[in-house]
1. With a sphere of radius 12 Å drawn around the Cβ of Leu253, what net charge do the other residues whose Cβ falls strictly inside it have (Lys, Arg +1; Asp, Glu -1)?
2. Using only Cα atoms, what Kirkwood radius does the stretch 125-184 have, in angstroms?
3. Roughly how many debye, to the nearest 20, is the charge dipole of the stretch 169-296 about its Cα centre, given +1 on each Lys and Arg Cβ, -1 on each Asp and Glu Cβ, and no other charges?
4. With a 10 Å Cβ neighbour count serving as the proxy for reagent exposure, in which order, fewest first, do Trp286, Trp295 appear?
5. Whose amide H sits under 5 Å from the amide H of Cys39, counting only residues 5 or more places off or on another chain, with H placed in the peptide plane?
6. Report the Rg/Rh value for the chain, based on alpha-carbon coordinates and the Kirkwood definition of Rh.
7. Where nothing but the Cβ of Lys and Arg (+1) and of Asp and Glu (-1) is charged, how large is the charge dipole of the stretch 125-184 around its Cα centre, in debye to the nearest 20?
8. Reachable lysines from Lys273, Cα under 27 Å, same-chain residues fewer than 8 places away excluded?
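Every number in this text was worked out from the coordinates using simple rules, so none of it is lab data. Fair warning: this is a prediction, and the values are worked out from it, not measured in the lab. A quick note on method: Cβ atoms are made from the backbone with ideal geometry, for glycine too, and the neighbour counts reach across all protein chains shown.
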Amino acid sequence: MSAAAAAPRLVVVVGPTAAGKTGLAVELAARCHGEVVSCDSQQVYIGMDIGTGKAGADERARVPHHLIDVVRPDDEMTAGRFVALADAAIADIAARGQAVIVCGGTGLYVRALLLGLFAGPPADAAVRAELDARAAAAGLGALWDDLAAIDPASATRIDRHDRKRLVRALEVHRVTGLTLTEHHRRHDHRAVPPRYPHLVVGLAPARERLYAAIEARVDAMVATGLVEEVRALRAAGYRPPLRSQQAIGYAELHAHLDGGTGSELSPVIELIKRNSRRYARRQLSWYRPDPAVRWADSPAAVDVDSLERYLAGRP
C-alpha cells in the first residue's frame with residue numbers, strides 16, 4: 001500500500017444493522033460515479049444473501065459492488081485476508097477513475113482497512129503453555145468460554161474450534177491486561193497514520209426507530225426465504241461449527257432445524273430479533289468512541305453534497 005497521500009480518497013459509511021447504510025452508500029455512489037466496497041464479514045460468503053442483508057439486485061445493478069460473494073461458507077476469512085482483497089478492489093476502482101465508497105458493518109474490518117491490523121505483544125511461551133494445558137484438560141470450548149467472559153466481542157468473531165486465535169486472544173489479555181477488542185479500539189488514527197485518506201459517516205437512528213427497523217427487517221428476511229436459505233446451506237454441507245454459520249439468523253435457525261428449539265418458528269424469530277438488537281448495540285459501542293465519525297440519525301440527515309465534494313477533491 002502506498003502512502004495515504006497518494007492513495008484514493010474513501011468515504012466510509014458505518015453504523016448498526018438496519019440503519020440504512022447500504023441505501024446511503026448506493027445513493028452516494030450513484031451521484032459520484034462511484035462503486036461500493038462492502039466491509040462486512042458475512043457478506044463475503046456465497047449463498048448467504050438474505051440473512052446478511054446484501055444489497056439487492058436493483059442496488060447492484062445501479063452501482064457496482066465489491067467483496068460480496070467472494071468465498072464459500074467453509075472458507076477461512078480473516079481481517080488480514082479481507083484487507084488484501086479490499087486493497088485490490090479499491091486499486092481497481094481508482095484506476096478506472098471511479099470514486100470509492102466503503103459500506104461497513106464489521107468494525108474490525110473497517111479499522112483494519114483504514115489503519116492496519118494491531119500487531120500485539122510478542123508471544124509468551126509460559127502463557128501459551130498454560131493455555132495449551134487448559135485446552136488439553138478441558139477442551140477448546142473452555143478457552144472459548146474464558147474468552148467470552150472477558151471479551152465477548154472477540155468471542156463472537158472467533159470460532160470455538162480455532163485454537164490459534166483463541167490462544168492468541170487470551171494471551172494478549174494475560175500479557176497486557178487489555179482485551180484484544182480494547183487494543184483494536186485504541187489502534188486508531190491518533191496512534192497510526194491512515195492507510196487511505198478518508199471520511200467516516202455514521203448512521204445512528206434513535207433507539208426506538210432502530211429497533212423497529214431491525215424487527216421489520218428480520219420479518220422481511222423470513223418472509224423472503226431466510227429459512228429456505230438456511231435449509232439450502234445445510235443441504236450443501238454448511239452447518240455449525242463453521243464460523244459463517246454462527247452468524248445471527250443462521251445460528252438460531254440451524255439450532256431450530258436440528259430440533260433444539262421446538263417446532264414453533266415464532267420464538268426463533270424473536271430470538272433473532274433480540275440477538276440483532278444486541279449486535280446493533282455492540283456495533284454502536286465500537287464506533288461511538290471514535291471522534292472522527294460524523295454522525296447522523298438517518299440517511300436523509302447526511303450532507304451528501306459535502307461527501308461528493310470530498311471524493312472529488314474539492315473544498
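1. For residues surrounding Leu253, the net value is -1.
2. One decimal place: 11.2 Å for the Kirkwood radius.
3. 560
4. Trp295, Trp286
5. Result for Cys39 returns Cys103, Gly104, Gly105.
6. Rg divided by Rh gives 0.97.
7. My answer is approximately 180 debye.
8. Filter leaves Lys21, Lys54.
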